[in-house]
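Engineer: First the structure, then my questions, so here it is.
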Amino acid sequence: MRILTSETQEKVGQTVELMGWVATRRDHGKLIFLDLRDRSGIIQMVVTPKSPAYETASTLRSEWVISVKGEIKARPEAMVNKDIKTGTVEISVSEIEVLNPSVNPPFPLETDGHDIGEENRLKYRYLDLRRPRLQYNIKLRSQFVQKVREYLFSQGFTEIETPYFTSTTPEGSRDFVVPSRMYPGQFFALPQSPQQYKQLLMVGGFERYFQMARCFRDEDLRADRGFEHTQVDVEISFVKREDVMEIIEGMMTTVVEAMGKTIRQKPFPRFTYAEAMAKYGADKFDMRTEEEKAKGILAFAWVTDFPFFERTKEAPPAGGWTFTHNPFSMPAPEHLEWHLKGEQIEKIITQQYDLVCNGFEVGGGSIRAHKPEILKATFKTMGYSEEQIQKEFGHMLEAFSFGAPPHGGIALGIERLIMILTGESYLREVQAFPQTAKGHPSVMNAPTPISAERLKEYGLKLDEKPKAK
Ligand code: ASP
């Protein structure tokens, strides 16, 4: 018959049972005050010396798990606690059962936690998660994902998972690789994105795909970057650039407004890459005034017409050109001729679109090259030999030769969006178990060396001793 602390206000006068954690215990003369925390919030409880629970109450410490029975009483008007949602009531405790005691937590849980060292917070992430700020962030993320799903389902999308054990997909980062036991000395790559699979789903006739896709990228960690992140990954057949932008704009508007947010400008303003660079000196920018920032307003904008290629800083593949955004993109129709002939490379514009919000790039996508010769021309421009193209992308070229529909898509970074919606500055504040800045996971010890026998199974030999973390 357990009820939640959030349900107490409507049950004044009733005797109820609550379960949760002791947030604090304060002894005031003879009275013991307990704050009980559950998933819905906090409530104050009072234990008088006459209560049969008094003795147990006097032994309680922070973070003990208890079950409590007591009567819900209205607090006098003058004593309403405005700091908590249940501040108009309190529980007069008659019974307490200790479900599990706790050792002393390594850091306080009632603060926002910003002042606690990251390594320590992530080592005890399961405790850190109990703090109200993280409960809020992680629940808001779940709400966002639910609303995105609802919207996409309402538009006829199908949610489809794609493999993690796969081969490389170029997104401009390094791959994480997994050794194969069945094929010693050979490796899978974890996907930097489901890019190729989602396009193959278009060839497979699904027309409207989405997935909450986990992406793995071995890159330097930053405030808004981890080894793993999740994207709302979308791909649609028989569309033009405008159609994809319209669907995504509709989705973002519906979702964030349902979550109580205000959008600065609708429809979202659009800038070409050249206009954005001229106006803001960057392709991601913040259009809000100080006042709008204070109000938490969301300033979305689209950026389009990016150059397809830029000069490489390094080989391989030797060639001198690499893609700016996505090698699977389609060039602008008026530049298709140049693209196929490999001419005027620096002038070729891609049908790529980025979604910007409050200074972050929160999404990006493109209309794709759905004909083999167009995709082939992209890799040729990037200096790939015919043989390399066949080896690395032959499966895509072949798939496109079986009547691939015209298609395009986008991916939106969930963590960045949730950072914006919650006002957080670090990706780790919106992931339940993020990597530390030093590149190891929360709570667990990894990476770790593996035994000589297992190395042998994988056909691997180590040159160097494992480095200390
Ligand atoms: N695969 C791209 C990315 O991860 C997004 C897309 O073009 O759909 O950035």
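Engineer: For the charge dipole of the chain, defined by +1 on Lys and Arg C-beta atoms and -1 on Asp and Glu C-beta atoms about the Cα centroid, which residue among TYR280, ALA468, ALA258 has the Cα displaced farthest towards the positive pole?
Structural biologist: With unit charges placed on the Cβ atoms, the residue in question is ALA468.
Engineer: If you don't mind, there's one more thing I want to ask. For every other residue with a beta carbon closer than 15 angstrom to the beta carbon of ASN358, add +1 if it is Lys or Arg and -1 if Asp or Glu, then tell me the sum.
Structural biologist: Net of charged neighbours comes to -3.
Engineer: Could you derive backbone 3J(HN,Hα) for region 434-448 from the dihedral phi with the Karplus parameters 6.51, -1.76 and 1.60 (θ = phi - 60°), listing whole Hz in sequence and x where the residue is Gly or Pro?
Structural biologist: So the Karplus estimates, Gly and Pro as x, are x, 6, 7, 4, 7, x, 10, x, 4, 6, 7, 9, 7, x, 10 Hz.
Engineer: Another question about this same structure. Under unit Cβ charges (Lys, Arg +1; Asp, Glu -1), what dipole magnitude, rounded to 20 debye, does region 162-221 have relative to its Cα centre?
Structural biologist: It comes to approximately 220 debye.
Engineer: Give a residue-ordered list of calculated ³J(HN,Hα) values for region 4-18 (Karplus: 6.51 cos²θ - 1.76 cosθ + 1.60, θ = phi - 60°; whole Hz; x for Gly, Pro).
Structural biologist: Karplus values, whole Hz, x for Gly and Pro: 8, 4, 5, 9, 6, 5, 8, 10, 4, x, 8, 9, 9, 10, 10.
Engineer: Give me the Kirkwood hydrodynamic radius of the chain in Å, from all C-alpha pairs, to one decimal place?
Structural biologist: So the Kirkwood estimate lands at 25.9 Å.
Engineer: Related question: With point charges of +1 on the Cβ of Lys and Arg and -1 on the Cβ of Asp and Glu, referenced to the Cα centre of the chain, which listed residue (LEU200, TRP21, HIS395) lies farthest in the positive direction of the dipole?
Structural biologist: Of LEU200, TRP21, HIS395, it is TRP21.
Engineer: Then there's this: With a sphere of radius 13 Å drawn around the Cβ of ILE389, what net charge do the other residues whose Cβ falls strictly inside it have (Lys, Arg +1; Asp, Glu -1)?
Structural biologist: Residues near ILE389 contribute -2 overall.
Engineer: Also, quick follow-up: Report, in whole Å, the centroid distance computed from the Cα atoms of region 379-417 and region 64-95.
Structural biologist: So the separation of the two Cα centres works out to 60 Å.
Engineer: Let me ask you something else. Tell me whether region 362-454 comes out rounded, prolate or oblate; compute the Cα gyration tensor, take square roots of the eigenvalues as a ≥ b ≥ c, and use a/c under 1.5 as the rounded threshold.
Structural biologist: Because a/c hits 1.5 or more and a/b fails to exceed b/c, region 362-454 counts as oblate.
Engineer: Report, in deg cm²/dmol and to the nearest 500, the calculated mean residue ellipticity at 222 nm for the chain, where each DSSP H run with n ≥ 4 adds -39500 (n - 2.57) and the sum is divided by the residue count.
Structural biologist: So the helix-based figure for the chain works out to -7500 deg cm²/dmol.
Engineer: When a footprinting reagent is the concern and you count Cβ atoms within 10 Å, what order do ILE116, ILE43, ILE450 take, fewest first?
Structural biologist: Taking fewest neighbouring Cβ atoms as first place, the list is ILE450, ILE116, ILE43.
Engineer: For region 201-318, what class follows from the C-alpha gyration tensor (a ≥ b ≥ c being the square roots of its eigenvalues): rounded when a/c is under 1.5, otherwise prolate if a/b is larger than b/c, else oblate?
Structural biologist: rounded
Engineer: Going highest first, how would you order 143-154, 350-361 by mean Cβ packing within 10 Å?
Structural biologist: The packing order, highest mean first, is 350-361, 143-154.
Engineer: Here's another thing I want to ask about it. I need the shape label for region 196-256. Rule: rounded when a/c is under 1.5, else prolate if a/b > b/c, else oblate, with a, b, c from the alpha carbon gyration tensor.
Structural biologist: Note, shape of region 196-256 comes out oblate.
Engineer: Also, I was wondering about something else. Hey, if you put +1 on the Cβ of every Lys and Arg and -1 on every Asp and Glu Cβ in the chain, which of GLN211, ILE420, PRO108 ends up farthest toward the positive end of that dipole?
Structural biologist: The residue sitting farthest along the positive end of the dipole is PRO108.
Engineer: Hey, another quick one. Could you please report the charge total around ARG217, scoring K, R as +1 and D, E as -1 over all other residues with beta-carbon less than 13 angstrom from its beta-carbon?
Structural biologist: For residues surrounding ARG217, the net value is -4.
Engineer: What pairs from LYS240/LYS380; LYS293/LYS438; LYS123/LYS467; LYS147/LYS438; LYS240/LYS293; LYS284/LYS371 go past 27 Å between their alpha carbons?
Structural biologist: As for pairs spanning more than 27 Å Cα to Cα, those are LYS293/LYS438; LYS147/LYS438; LYS240/LYS293; LYS284/LYS371.
Engineer: How big is the charge dipole of the chain about its Cα centre, in debye rounded to the nearest 20, if each Lys and Arg gets +1 on its Cβ and each Asp and Glu gets -1 on its Cβ?
Structural biologist: 1000 debye
Engineer: What ³J(HN,Hα) values, in whole Hz, does the Karplus curve 6.51 cos²θ - 1.76 cosθ + 1.60 give for region 229-243 when θ = phi - 60°, with x put for Gly and Pro?
Structural biologist: 8, 10, 10, 7, 9, 10, 8, 9, 8, 6, 10, 9, 3, 4, 5
Engineer: Quote to one decimal, in nm, the extra length available between GLU343 and GLU77 on full extension: 0.36 nm per residue of separation minus the C-alpha distance between them.
Structural biologist: Once the chain is fully extended between GLU343 and GLU77, it gains 87.9 nm.
Engineer: Another one. For region 375-469, what relative contact order do you get, as a whole percent, if you take Cα pairs closer than 8 Å and at least 6 residues apart?
Structural biologist: 10 percent
Engineer: Let me ask something else about it. Quick one: which residues, 5+ away or cross-chain, put their amide H under 5 Å from the amide H of VAL89? H built at 1.01 Å from N.
Structural biologist: Those qualifying (amide H under 5 Å, at least 5 residues apart or on another chain) are ARG75.
Engineer: Related question: Would you pull out the residues with amide H under 5 Å of SER329's amide H, same chain only if 5 or more places away, H placed 1.01 Å from N?
Structural biologist: Residues meeting the amide H criterion: ALA369.
Readers should treat all values here as calculations from the given coordinates under stated rules, not as data from a laboratory. Treat the numbers as computed from the prediction; the structure is a model and nothing was measured. As a convention, Cβ positions derive from the backbone with ideal geometry for all residues, glycine included, and neighbour counts pool all protein chains shown.
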